Amino acid sequence: MSRQKVVIRSDVLDIARFAKMIPVRKSMIKKAPNLPLPKSYAVNRTADLLHPREQRLRVKQIIEHGADTKSFVLESAENRPLAYFRAGQYLSVNLRIGNAVLTRPYSIASSPSRALRGEYVITVKRVESGFASGFILDTWEEGAEVSVSAPEGCFYYEPLRDAKTIVGIAGGSGITPFLSLANAINEQTEDAQLILLYGCRNENEILFKEELDTLAAENEKIKVVYVLSDSKKKKEGLEKGFIDRKLIKKYAPEKFSIFICGPKAMYDFAREEIKKLGIEKKYVRFELFGAANDASELKGFPKDFAEREFNCTVKVRGEEKGKIPCRAQESVLVALERAGISVPSHCRSGECGFCRSKLLSGEVFIPEETDGRRIADAKFGYIHPCCSYPLSDIEIHV
Ligand code: FES
């Protein structure tokens, strides 16, 4: 007897399964007990734990780093588990300052496994002429209750897309997502190598130096290089100057992903240096944290519009909120927040789409580098108010 191999294609199997699906379901429904539906389902409870709309936290401890920077250790104020995250993500902090309602994103400095033990750490540095950082530093005390979002953002190592080695370029308090990543690598919850180039003006400005040095000494997958712009002489283990392409080449292997988090000046400089290195776009990741405070400094902003003021007519979820003043140099989101109009927002840099709104009439300036809108959104008149600056009276629907 000859044997014949029969190959059943998976789509044939699928059709067979599909044909049985309706009778199988009908018989299951027939057999099921006639009980009221549960009030909640396990899948929704799990989703709520992983992606809560809001987390109420309590300040457990405050750690001071010099005169203008503090780390806040946060725990749940509701006795519930903290939402898990990927090293590099941020929390969006909800604030009410006077009449203004606003949010600010802060990277989580602690490791993901510490969240499983009930703690997040965020670090806040005072921003000169900043609104929110000063408020947090001056008013948050141990025991205070605060409101934050679920962890957000895409600034994390993704093995399917990234090279195995990450070159991290950090400036100032932009070190925090890398500290989280270094800890995650050390705790083996992330399987990557980290070469960290940390730029500061001088040694006194380096945050978490002891912790970073310990991690680098303990784990050969972590290397930390401090790059000091104001340093007069060269010191063992320190580089002098700026993080330019020569320095990146000196420490990076042949293939690497590059992640950048730091102040805007560093970001602008690093972006040009990275362009010259010719790295594929998918291997480059920026964390911006906030649009420009003054749009008139941005490339493409029509200079004669600086100082001009317009009106913005606002509708939130169909409800008229009236007319508010907005300045050309300031984002529409800032104008809304100043007027006390609560608008969903997380990243404040055009990326997350959380503030997505319809521009019903008028004209706005949207800087190219923070235009994170989908093509269809751009085509049909949607804007991200966090990165849109009015150039006429406008009307928007949030
Ligand atoms: S807040 Fe993220 S796009 Fe506006």
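The values are calculated or read from the model by the stated rules, or taken from the named source; none is laboratory data. All values derive from a computational prediction rather than experimental measurement. In this analysis, Cβ positions are derived from the backbone assuming ideal geometry, glycine residues included, and neighbour counts consider all displayed protein chains. Please note that ligands, DNA and RNA were not included when accessible areas were found on the heavy atoms of the full protein model with its side chains. Shrake-Rupley method; radii C 1.70, N 1.55, O 1.52, S 1.80 Å.
Go through region 161-192 residue by residue and tally those that are assigned to a helix (DSSP H, G or I) and at positive phi.
Going through region 161-192 one residue at a time, the tally reaches 1.
Could you please find all residues in region 187-205 being touching a helix residue (DSSP H, G or I) at 6+ places or on another chain (Cβ under 8 Å) and of a type outside the set (D, E, K, R)?
Passing the criteria: 189, 192, 193, 194, 195, 196, 197, 198, 199, 200.
For region 194-208, which positions are more than 13 Å from residue 171 (Cα to Cα) and either surrounded by 18 or more Cβ atoms within 10 Å (Cβ to Cβ) or not polar (S, T, N, Q) (or both)?
The first filter runs over region 194-208 and keeps only residues more than 13 Å from residue 171 (Cα to Cα), leaving 194-195, 204.
Residues satisfying the conditions are 194, 195.
Select from region 291-306 the residues that are in a helix (DSSP H, G or I) and of a type in the set (Gly, Ala, Ser) and write down the one among them that is farthest from the chain's Cα centre (by Cα). Break it down into steps so the answer makes sense when it comes.
Here is the first cut: in region 291-306, the ones in a helix (DSSP H, G or I) are 295-297, 303-305.
Checking the rest, the ones that are also of a type in the set (Gly, Ala, Ser) come to 295-296.
On the way: 295: 21, 296: 25 Å.
Restricting to residues being in a helix (DSSP H, G or I) and of a type in the set (Gly, Ala, Ser), the top hit is 296.
Determine which single condition residue 378 fails, assuming it passes every other condition in (1) in a loop (DSSP other than H, G, I, E, B); (2) farther than 27 Å from residue 106 by Cβ; (3) aliphatic (A, V, I, L, M).
The one condition residue 378 does not meet is (1).
Got a sec? Which strands (runs of 3 or more DSSP E) wholly within region 80-145 have at least 1 residues that are within 16 Å of the ligand (Cβ to nearest atom) and under 23 Å from residue 342 (Cα atoms)?
Values: elements: 90-97, 100-107, 120-125.
Those strands (runs of 3 or more DSSP E) span 90-97, 100-107.
Go through 96, 126 for me and flag whichever is in contact (Cβ under 8 Å) with a residue 24 or more places away in the chain and more than 22 Å from residue 157 (Cα to Cα).
Working: 96 fails: in contact (Cβ under 8 Å) with a residue 24 or more places away in the chain.
Just a single option satisfies the conditions, and that option is 126.
Looking only at region 344-364, which residues are open to solvent by less than 30 Å² (accessible area, probe 1.4 Å) and among the basic types (Lys, Arg)? Even if it seems obvious, please write down each step before you answer.
The initial filter retains those residues of region 344-364 that are open to solvent by less than 30 Å² (accessible area, probe 1.4 Å), namely 345-350, 353, 355, 357, 364.
Within region 344-364, just 348 meets the criteria.
Starting from residues that are touching a helix residue (DSSP H, G or I) at 6+ places or on another chain (Cβ under 7 Å), assigned to a loop (DSSP other than H, G, I, E, B) and more than 16 Å from the ligand (Cβ to nearest atom), keep the ones in region 307-343 and report whichever is least open to solvent (accessible area, probe 1.4 Å).
Out of the qualifying residues, it is 328.
Exactly one condition in (1) of a type outside the set (Phe, Trp, Tyr); (2) open to solvent by less than 60 Å² (accessible area, probe 1.4 Å); (3) closer than 28 Å to residue 207 by Cβ; (4) without any contact (Cβ under 8 Å) to a residue 40 or more places away in the chain is false for residue 47; which is it?
(3)
Matching residues to (1) β-branched (Val, Ile, Thr); (2) away from the ligand (no atom under 16 Å from the Cβ); (3) modelled with pLDDT under 90:
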residue: 304; (1), (2), (3): no, yes, yes
residue: 345; (1), (2), (3): no, no, no
residue: 363; (1), (2), (3): no, yes, no
residue: 368; (1), (2), (3): no, no, yes
residue: 379; (1), (2), (3): no, yes, no
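Return the only residue of 25, 58 being in contact (Cβ under 8 Å) with a residue 24 or more places away in the chain, surrounded by 10 or more Cβ atoms within 10 Å (Cβ to Cβ) and of a type in the set (D, E, K, R).
Details: 25 fails: in contact (Cβ under 8 Å) with a residue 24 or more places away in the chain.
Among 25, 58, only 58 is in contact (Cβ under 8 Å) with a residue 24 or more places away in the chain, surrounded by 10 or more Cβ atoms within 10 Å (Cβ to Cβ) and of a type in the set (D, E, K, R).
Taking region 261-288 as the region of interest, how many residues are of a type in the set (A, V, I, L, M, F, W, C) and in contact with a Lys or Arg (Cβ under 7 Å, 6 or more places away or on another chain)? It would help to see each step written out before you state the result.
Here is the first cut: in region 261-288, the residues of a type in the set (A, V, I, L, M, F, W, C) are 261, 265-266, 269-270, 274, 277, 279, 284, 286, 288.
Subsequent filtering for residues that are in contact with a Lys or Arg (Cβ under 7 Å, 6 or more places away or on another chain) retains 277.
Of the residues in region 261-288, 1 are of a type in the set (A, V, I, L, M, F, W, C) and in contact with a Lys or Arg (Cβ under 7 Å, 6 or more places away or on another chain).
Just checking, how many residues over region 381-398 are outside any strand (DSSP E or B) and more than 15 Å from the ligand (Cβ to nearest atom)? Before the answer, list the steps.
Initial filter on region 381-398 (outside any strand (DSSP E or B)): 381, 384-388, 391-393, 398.
Still in the list and also more than 15 Å from the ligand (Cβ to nearest atom): 381, 391-393.
Result for region 381-398: 4.
Taking region 370-396, which residues are farther than 17 Å from residue 305 by Cβ, open to solvent by 60 Å² or more (accessible area, probe 1.4 Å) and touching a residue at least 40 places away in the same chain (Cβ under 8 Å)?
Matches in region 370-396: 395 only.
Among the residues that make up region 67-76, is at least one of them under 21 Å from residue 204 (Cα atoms), modelled with pLDDT under 95 and assigned to a loop (DSSP other than H, G, I, E, B)?
The first filter runs over region 67-76 and keeps only residues under 21 Å from residue 204 (Cα atoms), leaving 67-72.
With modelled with pLDDT under 95 added as a condition, the list becomes 67-68.
With assigned to a loop (DSSP other than H, G, I, E, B) added as a condition, the list becomes 67-68.
There is at least one residue in region 67-76 that is under 21 Å from residue 204 (Cα atoms), modelled with pLDDT under 95 and assigned to a loop (DSSP other than H, G, I, E, B).
Within region 230-270, take every residue that is closer than 19 Å to residue 166 by Cβ and basic (Lys, Arg) and give me the one that is surrounded by the fewest Cβ atoms within 10 Å (Cβ to Cβ). Step through it out loud before you land on a result.
Here is the first cut: in region 230-270, the ones closer than 19 Å to residue 166 by Cβ are 239, 243-245, 247-262, 266-267, 270.
This time we only want the ones that are basic (Lys, Arg), so: 245, 249-250, 255.
Numbers: 245: 17, 249: 9, 250: 11, 255: 11.
Ranking the qualifying residues of region 230-270, first place goes to 249.
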